[in-house]
Amino acid sequence: MRGAWFLVSGIGLLGFIAPVVGLVFRLTPGRTPVVREVELLSQAFHYDPLQPGEAHTRHALGGRIEVRWGERVVLHLRAVDTAHGFYLDGYGINRVVQPGEEVTIEFIAIRPGKFRFRCSETCGPLHPFMIGELVVTPNLPFYSSALGTIFLALAVVGRFWWLKGEA
Amino acid sequence: MVVRGMARAFAYPRLELTRCSLLRRLVKHRAFQFMLILPNLAVFVLVLVAAFLGTPVGNRNFAIIFVWIVWWAALIILLIPLAGRIWCAMCPIPAPGEWLQRLAIVTRRPGRPFTLGLSWPRALRNIWLQNGTFLAVALFSALILTRPLATGIVLALFIGLALLLSLLFERRVFCRYVCPVGGFIGLYAMVAPLELRVKDPQVCVTHKEKDCLRGNAEGYPCPWMAYPGNLWRNIDCGLCTECLKACPKENVGIFLRPFGQDLLLARAPGWKGRSLDEAYKAFIMLSCALIYSAVYIGPWGFLKEWANLSDPAGFALYATGFLGVNLIGLPGVFLIAVALARWIARAGIPLRRLFVELAYALVPLGLTGWIAFTLSFVLVNISYAIPLLSDPLGRGWDLLGTASHPWTPYIPELVPLLQLPVLWLGLVVSIGLAFRIAQQNLGDAAKARRALLPIASFMTLIVLLFQRLYLG
Ligand code: SF4
Ligand code: SF4
Ligand SMILES: [Cu+2]
C-alpha cells in the first residue's frame, strides 16, 4: 500500500514537471514547417479568427487560434473599429494595427501549450482584458498537468485510505 | 486520534511575537493604528482625486491601477494569506467615522462616544449582508474595475456609508457586518498564520472587570464587538490592538501559529459554530474566482461585452448566470457531493449540517483560486503602474521621468507555472481539511475516509476547471 501511495504521488509530481519542460524550453521539430494562415480581426474588446472565406460575425464566440506544434503561423491582423495591438506571450511579438490596414505577423509555433495574445494599444475601458488564445497542439502542458491534478488528489485521498496506521 | 479543536483552546503550537518588548511597546502605543492608517489614507486621497479629476482611461489612471492591481494583488497574495485581517487595521475607509465617534484620532478620549449608539439588529449579526454587498459590487465589476469614475463613486459610497453607520450605530458595524471587502478578508484571514488572542482564557474568566469589553484609560472597548476572552477565529477580530492596550493583565498577545487553525475549530465557548452565512461566503468567493477567470482572462468577447453592460439583454443574461452560479450552481453541485458523502459514509448527521460544515473545507481552495486568478493579470499589467508614478492623473505630467515607460508584461508565458503549484497547494490543503471536518462530524476515521471521496472529487473538478481556463 505504501508503494501504491508513492507511485501515485510520483506521477502527480511528474504532472508539474511536464509543463515546465514544455513551457521553458523552446523545441522546434526538425521538418520544414507547414504554413498556417489565419485572418485575425480585432475589435473592442476581442479577437475574431476567421477561417478563409468566412464572414465576420459581430460576437466572437472565442478568440482562439489552434495550430500544430512546429507550424509556421502567418497572421493577417486587421482592426475593425479603432487601432488595436497584438502582443503574443512567450514570443515577444508586439504590433499595432490601424483600421483599414493589414499587418502580417509570422512566427513558428515553437512550444506546445496555450499562449495568450493581448491588445497592447489602449482601445477603451476593457482594453486590459482584450485577450485571445493561441493554442499550440498537442497541448501537453494542459494534459500533463491535468493528469497531475488527478494523481495529486488521489495521493492525498490515498494518504487517508492507504496509510491509515501512519497518518 | 484526538479530534483537534474540540477539547481545549489553542491545541496548536503558538509563538508569542509580542514577547519581543520592542514589538509589544509598538503595538501598545496609542498611535500604532494611526501610523498604519496614515500612509494608506494619503494614497486613498490621491486615488479619489485621480478617480474624479483624472483621465477616464482606466489603465492610465492612478485610481484603477493602484486599487485594482497594486492594492488588490498585495491584499490577496501577501496580506491576507500571511497576516489575515491586517488590512482592516490599516484601512482608511472606516477611519473618518471612527475618529468622529471617538472625537479623537490618536488619544483615548474618555466619555460618551459621538453616535446614537444603536445596537446592530440581531437578525443581521452575521455576514449575509456582506455576501449581498459583495455580490452587488462583483456583478458590476467590469464597470468598477475599468472606469476611474465608477471606482471613485464606489469608494466614496463606502466612506459615506461607514461614516453614516458610525453615527447611527455603535462601533465599527460597517466593517463587521456591511463592508463587501471585510467579508472575504475575514473568511480567508482564518487561513493566516498570525493571530491576536488571549494568552490564557482562564485569566479572562476570573477577571471580573473585563477592561477589554468596557474600555479603560488605555484603550477603547473592542470596535469589532469581540470579547477577546472568547475570541477564537481571525474572522472576528480587526487587529486594531485596542484590547492589547486595555488589558491590565497583559493577557492579550499577537501570535505566530500554523496556517489555517481557525478552520479546524469545531466548537468553542461563546461561538455558535460553523454557519451557513460563512459557508456561502466560501461558495461565492470560489464561484467568482472561476467566473472572473473566464470573463476577464478568457477569449470570449461576448462575455466581456455582457459584463460591460454593452447591451441590457446581454447583461441581464450575464447577471442571471453570475448570480445563478454563485447562489445555486456551485452550492448545488457541492450539496450533491455532500449528499453522496453522507450516503456512502452512512452518516446520521442532518444533510444541511454536514453541508455547512464541509463548506469550510473550500476556504483554502478559494483563496488559492483567487491568488491564481490574480497572478494571471498582475505580472502582465503591473507595469501600467510605472508611468502613473509620474503622471497619476493621466494629464501628461512627468514628475519622476517614468511617464513614457511602455506597458511591459513580465514573464506572461510562465504564469501558469506559478498558478499550478498555488492551485495544487489549495487542493491538497482543502482535501486534508475536508477529512478532518468529516472526522469531527462523523466521529470515526473509517466514515470520514468514505465521505472524503465525493468531496475530494468535487475539489479536483474545481481545480481542473481553473486549469482548463488557464492552460487548456
Ligand atoms: S481585560 Fe484582558 S484579562 Fe480581562 S477579560 Fe479582557 S483580555 Fe481577558
Ligand atoms: S479583539 Fe482586540 S484587536 Fe481585535 S478588534 Fe477587538 S479590540 Fe481590536
Ligand atoms: Cu486595446
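The values are calculated or read from the model by the stated rules, or taken from the named source; none is laboratory data. Keep in mind that what you see is a predicted model, and the values were worked out from it rather than measured. When we count neighbours, we look across all protein chains shown, and the Cβ atoms used for this are built from the backbone with ideal geometry, even at glycine. Just the protein is used for accessible areas: all its heavy atoms, side chains included, with ligands, DNA and RNA removed. Shrake-Rupley method; radii C 1.70, N 1.55, O 1.52, S 1.80 Å.
Of all the residues in region B:165-177, those that are part of a helix (DSSP H, G or I), surrounded by 22 or more Cβ atoms within 10 Å (Cβ to Cβ) and more than 13 Å from the chain's Cα centre (by Cα) number 4.
Checked against the criteria, B:GLY366 counts as of a type in the set (Gly, Ala, Ser), more than 26 Å from B:ALA63 (Cβ to Cβ), buried (at least 23 other Cβ atoms within 10 Å of the Cβ) and assigned by TED's automatic domain parsing to the domain that holds B:SER293. Candidates in region B:256-284 are the residues that are open to solvent by 10 Å² or more (accessible area, probe 1.4 Å) and aromatic (Phe, Trp, Tyr); of these, the one that is farthest from ligand 2 (Cβ to nearest atom) is B:TYR280.
Only residues that are open to solvent by 20 Å² or more (accessible area, probe 1.4 Å), within 19 Å of the chain's Cα centre (by Cα) and either within 13 Å of ligand 3 (Cβ to nearest atom) or within 14 Å of another protein chain (Cβ to nearest Cβ) (or both) were counted across region A:76-109, and they come to 6.
Yes/no matrix, rows are residues, columns are (1) more than 12 Å from chain A (Cβ to nearest Cβ); (2) surrounded by fewer than 17 Cβ atoms within 10 Å (Cβ to Cβ); (3) under 17 Å from B:LEU461 (Cα atoms):
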site: B:LEU303; (1), (2), (3): no, no, no
site: B:VAL338; (1), (2), (3): yes, no, yes
site: B:LEU354; (1), (2), (3): yes, no, no
site: B:THR374; (1), (2), (3): yes, no, no
site: B:LEU379; (1), (2), (3): no, no, no
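Residues that are open to solvent by less than 30 Å² (accessible area, probe 1.4 Å) and either part of a loop (DSSP other than H, G, I, E, B) or within 9 Å of chain B (Cβ to nearest Cβ) (or both) within region A:131-141 comprise A:ILE131, A:GLY132, A:GLU133, A:VAL135, A:ASN139, A:PRO141, listed in sequence order. For region B:309-324, give me the residue count where each residue is within 26 Å of A:ARG118 (Cβ to Cβ) and either more than 13 Å from every other protein chain (Cβ to nearest Cβ) or surrounded by 22 or more Cβ atoms within 10 Å (Cβ to Cβ) (or both). Here the count works out to 4. Residues in region B:91-114 that are open to solvent by less than 20 Å² (accessible area, probe 1.4 Å) and touching an Asp or Glu at 6+ places or on another chain (Cβ under 9 Å): B:GLN101 alone.
Checking each residue in region B:1-19 for being hydrophobic (A, V, I, L, M, F, W, C) and either modelled with pLDDT under 95 or open to solvent by 80 Å² or more (accessible area, probe 1.4 Å) (or both) picks out B:MET1, B:VAL2, B:VAL3, B:MET6, B:ALA7, B:ALA9, B:PHE10, B:ALA11, B:LEU15.
Considering B:LEU453, B:LEU442, B:LEU418, the condition of being surrounded by fewer than 20 Cβ atoms within 10 Å (Cβ to Cβ) and closer than 20 Å to A:TRP161 by Cα is satisfied by B:LEU453 alone.
Residues of region A:98-125 that are touching a residue at least 60 places away in the same chain (Cβ under 8 Å) and on the phi > 0 side of the Ramachandran plot: A:GLY113, A:GLY124.
Summed over region B:233-272, the residues that are aromatic (Phe, Trp, Tyr) and at pLDDT below 95 give a count of 1.
Determine whether B:ALA162 is more than 16 Å from ligand 3 (Cβ to nearest atom), open to solvent by less than 40 Å² (accessible area, probe 1.4 Å) and within 14 Å of chain A (Cβ to nearest Cβ).
On the way: more than 16 Å from ligand 3 (Cβ to nearest atom): yes; open to solvent by less than 40 Å² (accessible area, probe 1.4 Å): yes; within 14 Å of chain A (Cβ to nearest Cβ): no.
Here the answer is no, as B:ALA162 does not meet what is asked.
For region A:24-77, filtered to residues that are out of contact with any Pro (no Cβ under 8 Å at 6 or more places or on another chain) and of a type in the set (Ser, Thr, Tyr), the residue that is modelled with the highest pLDDT is A:SER42.
Among B:GLY238, B:GLY229, which is the only one that is assigned to a loop (DSSP other than H, G, I, E, B) and within 16 Å of ligand 1 (Cβ to nearest atom)? After ruling out the rest, the residue left standing is B:GLY238. Search region A:110-120 for residues being in contact with a strand residue (DSSP E or B) (Cβ under 6 Å, 6 or more places away or on another chain) and more than 8 Å from chain B (Cβ to nearest Cβ), and hand back the single one that is nearest to ligand 1 (Cβ to nearest atom). Of everything passing the filter in region A:110-120, A:CYS119 is nearest to ligand 1 (Cβ to nearest atom). Identify, please: which residue in region B:55-90 is open to solvent by less than 20 Å² (accessible area, probe 1.4 Å) and under 24 Å from B:LEU164 (Cβ atoms) and is, among those, farthest from the other protein chains (Cβ to nearest Cβ)? Residue satisfying both the conditions and the ranking: B:ALA89.
Could you check how many residues of region A:121-130 are near ligand 3 (Cβ under 7 Å from one of its atoms) and either at the interface with chain B (Cβ under 7 Å from one of its Cβ atoms) or of a type in the set (Lys, Arg) (or both)? Before the answer, list the steps.
Filtering region A:121-130 for residues near ligand 3 (Cβ under 7 Å from one of its atoms) gives A:121-124, A:127, A:130.
Right, trim to either at the interface with chain B (Cβ under 7 Å from one of its Cβ atoms) or of a type in the set (Lys, Arg) (or both) and you get A:122, A:127.
Result for region A:121-130: 2.
Among the numbered conditions (1) within 16 Å of ligand 3 (Cβ to nearest atom); (2) of a type outside the set (D, E, K, R); (3) assigned by TED's automatic domain parsing to the domain that holds B:LEU17, the only one that B:CYS240 does not meet is (1). On inspection, B:SER390 fails the criterion of being open to solvent by 10 Å² or more (accessible area, probe 1.4 Å), among the polar types (S, T, N, Q) and either free of Cβ contacts under 8 Å to residues at least 12 places away in the same chain or more than 12 Å from chain A (Cβ to nearest Cβ) (or both). Is at least one residue of region B:222-230 in contact with a strand residue (DSSP E or B) (Cβ under 8 Å, 6 or more places away or on another chain), open to solvent by 40 Å² or more (accessible area, probe 1.4 Å) and within 11 Å of ligand 2 (Cβ to nearest atom)? Yes, region B:222-230 contains at least one residue that is in contact with a strand residue (DSSP E or B) (Cβ under 8 Å, 6 or more places away or on another chain), open to solvent by 40 Å² or more (accessible area, probe 1.4 Å) and within 11 Å of ligand 2 (Cβ to nearest atom).
Under the condition of being without any contact (Cβ under 8 Å) to a residue 60 or more places away in the chain and out of contact with any Pro (no Cβ under 7 Å at 6 or more places or on another chain), the residues counted in region B:121-139 number 8.
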